[in-house]
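All remarks here apply to the structure that follows.
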Ligand code: BGC
């Protein structure tokens, strides 16, 4: 990230701008408190705020609605900033139309088959919102609630703490789940997410973030030229409803082999049953490192045209890579452009989909007295 900061300052100098206006070094010393403004109102009058943060050359805008990353700006190799995350410029579209743009996902990231699972001999029926399955927490998941948000500065870091309490039985899940998510922008410009949750009854939990990345800038076209590397030798094949079959299949010899850097589009049109099921890539990678005590680097995404590079580190065992297959030209994004299939991709660090029904997958059960914790760090450079 030293490289990133130097690039930013060099770019600023070339453009005749004082480096301090770019935020990174200025905020590293001062740690300016994040600021909020009114973004819009829900139909019932509830106010939705937008928080602005900047540190180490990264600029982040976050909504109290769903903890949504509404905008994430980073510089290219010449210090030119672009928003690299898909989103909307108004609250109405977030409420009515969003395919989880930038949102926090809970209680359970990705699918649970038929919205059903059994825990300690008790069966639960969840909200079903994706054919016969439950997706991203059901019809009204964590992305569709207003979170309590507070800004903070801590040393050279700036950030937000977001709280949401999901009541016992919400969307069919047992237990009152208290979720706390911390977004931190470090002085190096890294965006770190720390998730925490506690419950008062045994339940399942799998939190993640649903940013749609396009490192050339949102609305600039497809991500098929982006280069990607994922540290995973296996993935979880799915059935026609995108539920894992339970197999941990080798990526070797398949379009899912990203162990060596290749472009996202390289094999996306290969005739392959798994790609047909997902209308492209919509699969979970089994990270070689497994569950780790600390975040470890697992994926690198790079846009060759701008040089913008995203590195992801996580302590989680899985990575859902979704190539924006269901974007269908019906949404107008932040910059006024229509989003089409493949205009962005998601890299969601998490436990594997449908784990509550898959005894061989790492457990997602959380019990009273335990604290669910998960951390993912996004590092940027150019
Ligand atoms: C899922 C996709 C789904 C998308 C919704 C992804 O996490 O894997 O299947 O369509 O979220 O935007």
Practice problem: Please quote Rg/Rh for the chain to two decimal places, taking the Kirkwood radius as Rh and restricting both calculations to Cα atoms. | Solution: 0.95
Quiz item: If you take the square roots of the eigenvalues of the alpha-carbon gyration tensor of region 180-302 and sort them as a ≥ b ≥ c, do you get rounded (a/c under 1.5), prolate (a/b over b/c) or oblate?
Solution: oblate
Self-check item: Taking region 285-346 and dividing mean pair separation by its residue count, relative contact order in percent (alpha carbons under 8 Å, at least six apart)
Solution: 29 percent
Quiz prompt | For the chain: relative contact order, % (alpha-carbon pairs under 8 angstrom, 6 or more apart) | solution = 18 percent
Practice problem: Please work out the ratio of the alpha-carbon Rg of region 79-227 to 2.2 N^0.38 Å and round it to two decimals. | Solution: 1.17
Exercise. Starting from the Cα gyration tensor of region 246-288, take the square roots of the eigenvalues, sort them a ≥ b ≥ c, and report rounded, prolate or oblate (rounded when a/c is under 1.5, otherwise prolate if a/b is larger than b/c, else oblate).
Key: oblate
Self-check item: Global geometry of region 43-131, whether rounded, prolate or oblate, following the gyration tensor of its Cα atoms and the 1.5 cut on a/c
Solution: prolate
Self-check item: Sorted by Cβ density within 10 Å, fewest first, the residues 150, 54, 348
Solution: 150, 54, 348
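Taken together, the values in this text are just the output of simple stated rules run on the coordinates, not laboratory data. From a predicted model like this one, the values you see are computed outputs, not experimental measurements. Cβ atoms come from the backbone with ideal geometry, glycine included; neighbour counts cover every protein chain shown.
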